[in-house]
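Undergrad: What follows is a single structure, and I will ask about it in a moment.
The values are calculated or read from the model by the stated rules, or taken from the named source; none is laboratory data. On a predicted model such as this, the values are computed, not experimentally measured, just so you know. Every residue, glycine among them, receives a Cβ derived from its backbone with ideal geometry; neighbour counts consider all protein chains shown.
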Amino acid sequence: MNIAIDCRYIGKSGIGRVCLGILENLDYTENKYYLIGKPQNLSQFAGAEIIEDNTEPYSKTGLFRFAKKRVNKECDCLIIPNFLVPLGIKVPVHSVMHDLIFLDMKITSKNFADRAVKKYLLKRCMKRSASVACVSRFTMDRCKYYYKRLAEKCYLNYPGLAKALIEYAQSHTEPAVKENKIIFVGNVKPNKGLKILLSAFEKTEGLTLKIIGERDNFITGLRLDESQYKNVEFTGKISDEQLFEEVRTAKFLVLPSRYEGFGAPPMEALYLNTQPIISDIEVFREVYKDLPVVFFSDENDLALKLSAQPETPDCGNVIAEKFNYKNFAAEILKKLR
C-alpha cells in the first residue's frame with residue numbers, strides 16, 4: 001500500500017509524541033510511506049518518501065494548503081494523528097481521536113464562533129474517517145455520545161511509551177536520588193487543574209514545585225511570574241533528556257486534571273519509578289486501574305498526599321506491555337487493510 005501520514009505535529013507535545021510513536025514502529029519495507037511535514041523532523045525514517053510541508057496544522061493555511069494533490073494521486077489512504085482532516089482529501093482517512101474536550105468543556109474555546117468551528121471539524125473528522133482510533137474507552141464513549149450513527153468507526157487503541165523515554169530508562173538503571181520537589185508536566189490550559197495544585201501546594205512545607213510545559217494559554221486568574229508563588233518555578237518547555245531527569249528525581253508527579261482523553265505523564269512517571277498523584281476522574285480510573293498511582297479528591301486531600309512519603313513504583317514491564325506504540329501502530333495498519 002501507499003500510505004500518507006500527516007507528520008506536521010512532530011515537535012508538539014501530546015499529539016506530536018503520538019505521531020512520532022507511530023513512525024518509530026513502522027516497517028518501511030512493508031509499505032511505501034509518504035511522510036508529510038518538515039524534512040528535518042523526518043530524515044531519520046530511511047525508506048520513506050518525504051513531502052515537505054511547513055504549514056501549521058492548527059491554522060487555516062494548514063487545512064487548505066496541505067499536500068493533497070500528491071496524496072490523492074499517489075496514495076491509498078492518509079493517517080492523521082488528530083481530528084483535523086485537511087480539506088480536499090479524497091482518499092480514505094484514518095484518524096486518532098484524543099478527546100472531545102471542545103464539546104465537553106466550553107471554557108476551552110475562545111468564543112462561540114471558535115467553538116462552532118471546532119464542532120464542525122470534529123464532526124467532519126468522524127464523517128470523513130474510515131476508522132477512528134480512540135486513545136481511551138472514555139474518549140470512545142464520548143464519541144458514541146455525540147456521534148451515535150458514526151460510532152461504529154471507533155475502536156480502542158491506547159498510546160504507548162516514547163522510544164526516547166525507554167532508551168533513557170535503559171541507560172539510567174541506578175536508583176534515583178529523590179528530591180523534595182513536585183513535578184507537573186503538560187500544557188497550562190483550563191482542564192489541567194493547576195489552580196487546585198497551586199492552592200494545595202501553598203499548604204505544604206519544605207517542597208518545591210516545577211511546572212513544566214508551554215506557557216501559552218495560561219489559565220485566566222493565575223500569574224505567570226513565579227516570584228508571586230513561594231517555591232514555584234515555571235520552566236517552560238525543556239528537552240526530553242531534562243524532562244526525564246526531572247521526573248525521575250521528583251518526589252511525586254502530579255496531574256490534577258479536570259478532564260483528559262488519556263493523560264500520559266503518570267504513565268511515564270511510573271516507568272521512571274516516580275509515584276504519580278492524580279485526580280479522581282473517570283479516564284484515570286480506566287487507564288491507571290491496578291497501577292500504583294495515588295488518587296486525590298479535592299484540594300485539602302491533595303495537600304495531605306503531597307506531604308506524605310511516596311512509594312517507589314516498580315512496574316516498568318507492566319507499563320511497557322500495556323502501553324506500547326508497536327501495538328498502537330499495528331492496530332492502525334490493521335484498519336487500513
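Undergrad: Considering only segment 27-64, state which residues are in a loop (DSSP other than H, G, I, E, B), under 27 Å from Leu122 (Cβ atoms) and free of Cβ contacts under 8 Å to residues at least 12 places away in the same chain.
TA: Scanning segment 27-64 gives a single hit, Ser59.
Undergrad: Considering only segment 235-275, state which residues are in contact (Cβ under 8 Å) with a residue 12 or more places away in the chain and of a type in the set (Gly, Ala, Ser).
TA: Gly236, Ala250, Ser257, Gly261, Gly263, Ala264, Ala269
Undergrad: Taking Pro256 as the residue in question, decide whether it is closer than 21 Å to Ile101 by Cβ and out of contact with any helix residue (DSSP H, G or I) (no Cβ under 7 Å at 6 or more places or on another chain).
TA: Taking the combined requirement at face value, the residue does not satisfy it.
Undergrad: Against the definition (in contact (Cβ under 8 Å) with a residue 60 or more places away in the chain and within 22 Å of Asn327 (Cβ to Cβ)), how does Cys75 come out, yes or no?
TA: Taking the combined requirement at face value, the residue does not satisfy it.
Undergrad: Taking Glu214 and the conditions (1) in a loop (DSSP other than H, G, I, E, B); (2) free of Cβ contacts under 8 Å to residues at least 60 places away in the same chain, which numbered condition does it fall short on, given that it satisfies the others?
TA: (2)
Undergrad: Taking only segment 311-330 into account, find how many residues are crowded, with 19+ Cβ neighbours inside 10 Å and over 21 Å from Met140 (Cα atoms).
TA: Adding up the residues that qualify gives 2.
Undergrad: Which members of segment 311-325 meet the condition of being in a helix (DSSP H, G or I) and among the hydrophobic types (A, V, I, L, M, F, W, C)?
TA: Selection gives Val318, Ile319, Ala320.
Undergrad: Okay, moving on. If the requirement is being in contact with a His (Cβ under 8 Å, 6 or more places away or on another chain) and surrounded by 15 or more Cβ atoms within 10 Å (Cβ to Cβ), which of these qualifies: Ile89, Ile15, Ile10?
TA: After applying the criteria, what remains is Ile15.
Per-residue answers, yes or no, for (1) modelled with pLDDT of 95 or more; (2) assigned to a helix (DSSP H, G or I):
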site: Lys123; (1), (2): yes, yes
site: Asp141; (1), (2): yes, yes
site: Tyr155; (1), (2): yes, no
site: Leu161; (1), (2): yes, no
site: Ile166; (1), (2): yes, yes
site: Asn191; (1), (2): no, yes
site: Lys195; (1), (2): no, yes
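Undergrad: Got at least one residue in segment 99-121 being in contact with a strand residue (DSSP E or B) (Cβ under 7 Å, 6 or more places away or on another chain) and buried (at least 21 other Cβ atoms within 10 Å of the Cβ)?
TA: Scanning segment 99-121 turns up no residue that is in contact with a strand residue (DSSP E or B) (Cβ under 7 Å, 6 or more places away or on another chain) and buried (at least 21 other Cβ atoms within 10 Å of the Cβ).
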